[in-house]
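Written out below as structure tokens is the structure these notes cover.
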Amino acid sequence: MENLLNIKDLSVSFKTDEGIVRAVDSVSLTINKGEVLGLVGESGCGKSVTSMSILRLVSSPPGSIDSGEITFDNKNLLSLPIEELRKIRGKSISMIFQEPMTALSPLHCIGNQLVETLQFHTNINTKKAWQVGEEWLHKTGISDPVKNMYAYPFQLSGGMCQRVMIAMALMLDPKLIIADEPTTALDVTIQAQVFDLMREMKKKDTSLLLITHNMGIIWEMCDRVAVMYASEIVEVGTVMGIFKKPLHPYTEALLNSIPLISVKRNKLESIPGQVPSPLNYPKGCRFQDRCKYTFDKCRREHPPLYNIGGNQARCFLAEDRNK
Ligand SMILES: Nc1ncnc2c1ncn2[C@@H]1O[C@H](COP(=O)(O)OP(=O)(O)OP(=O)(O)O)[C@@H](O)[C@H]1O
Ligand SMILES: [Mg+2]
């Protein structure tokens, strides 16, 4: 499979009054052409910061990308001149944020924003761009697109703004879509419609980095999944493999917290205990205080990511668990 995006050893931190927050710690991930990679993990584990680093959207200060390389189409995005990065943002790589208002301007009507984005990246004339905008509003399930092209974000519901942002992200036929909890604000029918659109994009070889708390969505949409815990990757593998035999106890706990009756509608239930503070991670394994398999070594040494049959897991017991 052809590699499209390669994140290598990415570390990101924030300076706060309490100290340095290590938000992302030596994260490496790859996404292949046409692949859907899921990124899952508890709130605060570093999913959004990882995804925002790809397009250098982490605000600095207080944030800083301390190390790493992010290669896309043979270019290192972290050292690319900003003008070149702007051409990639929204065109080759588009982003759907957790919060739609971060992507939409309150001052311009929806139609003008869609037209402006189309014209920034292509030579399309205004009339044609307006039509394309309308078509995409229709495709993302917005009622009365002709009228809503003239609406301002504040006149639309949160769910509708979310769909406008999705239209904006998909309409330029990107090579990679980064979607951060893209459908949380949408009702189930519209959610299904948005995922259908994404599946269609996948058929055209578009890759997707899909961040979600919902293991049901991972199961339905993704080819592979990366699990984050306390700023690190703790497991990466195929969705099938991970659901069948999770190698990291945290992944196992995540899967056990899905209510069995309806995988589709689950929300992650909490796992007992607390995530350690990113201001001060413990020596050894970061999951040690919540893990039912913890033994001496887990408190003494930080486990590396072990490669096991094509998957990776950061656990001393991973090999045994694979038997
Ligand atoms: N601007 C900021 N200033 C200080 N700390 C930050 C900032 N942005 C993020 N962080 C910290 O970085 C860590 C990772 O945050 P991130 O938003 O990536 O988590 P997440 O996995 O996306 O969580 P959620 O599932 O709630 O969206 C957290 O500890 C968070 O508090
Ligand atoms: Mg987030």
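No partner Cβ under 4.7 angstrom, meaning no disulfide-compatible partner by this rule: which Cys of the chain qualify?
Cys with no partner Cβ under 4.7 Å: Cys45, Cys109, Cys161, Cys222, Cys291, Cys315.
Which links in Lys47/Lys91; Lys245/Lys292; Lys127/Lys203 stretch past 20 Å when you go from one Cα to the other?
Lys47/Lys91; Lys127/Lys203
Of His121, Leu176, Leu85, which is farthest on the positive side of the dipole of the chain, counting Cα position, with +1 on Lys and Arg Cβ, -1 on Asp and Glu Cβ, and the Cα centre as origin?
Leu176
If each residue of separation counts as 0.36 nm, what is the full-extension length gain between Lys323 and Ser43 once their alpha-carbon separation is subtracted?
97.7 nm
For Phe287, Phe316, Phe295, what's the fewest-to-most ordering of other Cβ within 10 Å of each Cβ?
Ascending number of Cβ neighbours within 10 Å: Phe295, Phe316, Phe287.
Could you work out the helix-only [θ] at 222 nm for the chain, with each DSSP H run of four or more residues adding -39,500 (n - 2.57) and the total divided by the number of residues, to the nearest 500 deg cm²/dmol?
The per-residue figure over the chain is -9000 deg cm²/dmol.
At a threshold of 8 angstrom on Cα-Cα distance, excluding pairs fewer than six apart, so keeping six or more, what relative contact order does the chain reach in percent?
It rounds to 20 percent for the chain.
Can you give the angle from 0 to 90° between the axis of helix 158-170 and the longest principal axis of the chain, with both taken from C-alpha atoms, to the nearest 10?
In the chain, helix 158-170 runs at an angle near 90 degrees to the longest axis.
Calculate, axis by axis, the spread of Cα positions in segment 68-170 along the three principal axes, and write the results as whole Å, longest axis first.
Here the Cα extents, ordered largest to smallest, are 44, 30, 24 Å.
Only Cα pairs under 8 Å and at least 6 apart count here; give the relative contact order of segment 11-126 as a rounded whole percent.
The value is 21 percent.
Express in nm, to one decimal, how much length is gained between Leu107 and Thr16 on full extension, taking 0.36 nm for each residue of separation and deducting their alpha carbon distance.
Length gained, Leu107 through Thr16: 29.6 nm.
Given Ser143, Tyr293, Met52, which one lies farthest toward the positive end of the charge dipole of the chain, if we put +1 on the Cβ of every Lys and Arg and -1 on the Cβ of every Asp and Glu?
Tyr293
At 1.567 mPa s and 4 °C, plugging the Kirkwood radius over alpha-carbon pairs of the chain into Stokes-Einstein gives what diffusion coefficient in µm²/s?
63 µm²/s
Under 18 Å from the 7 Å Cα→Cβ point of Ser157, by amide nitrogen: which residues of segment 83-101?
What the label zone holds, given the 18 Å backbone N cut-off, is 99-101.
Quick one: dipole size for the chain, taken about the Cα centre, charges +1 on Lys/Arg Cβ and -1 on Asp/Glu Cβ, in debye to the nearest 20.
The calculated dipole for the chain is roughly 340 debye.
Which of rounded, prolate, oblate describes segment 146-283, given a ≥ b ≥ c as roots of the alpha-carbon gyration tensor eigenvalues and a/c under 1.5 marking rounded, otherwise prolate only if a/b is larger than b/c?
Note, shape of segment 146-283 comes out prolate.
Count neighbours as other Cβ atoms within 10 Å of each site's Cβ, and list the chymotrypsin sites (Phe, Trp or Tyr not before Pro) in segment 140-235 that are DSSP loop with at most 13 such neighbours.
Within segment 140-235, the qualifying chymotrypsin sites (Phe, Trp or Tyr not before Pro) (loop, at most 13 other Cβ atoms within 10 Å) are Tyr150.
At a 10 Å Cβ-Cβ cut-off, how would you order Met95, Met101, fewest neighbours first?
Sorted ascending by nearby Cβ count, the order is Met101, Met95.
Points 7 angstrom from Cα along the Cβ direction at Glu99 and Lys8: gap in nanometres?
Distance between the two pseudo-spin positions: 3.4 nm.
Rank these for me by crowding, Trp130, Trp136, going from fewest to most other beta carbons within 10 Å.
The order, fewest Cβ neighbours first, is Trp130, Trp136.
Mind checking the angle between helix 188-203 and the chain's longest principal axis? C-alpha axes, 0 to 90 degrees, to the nearest 10.
90 degrees
Suppose a student asked you for the relative contact order of segment 110-207, using Cα pairs under 8 Å spaced at least 6 residues apart; what percent would you report?
After rounding, I find 28 percent.
Where a number appears in this text, it was derived from the coordinates with a stated rule and is not lab data. In this text the structure is predicted, and so the values were computed from the model without any measurement. Counting neighbours? That spans all protein chains shown, and the Cβs are built from the backbone with ideal geometry, glycine included.
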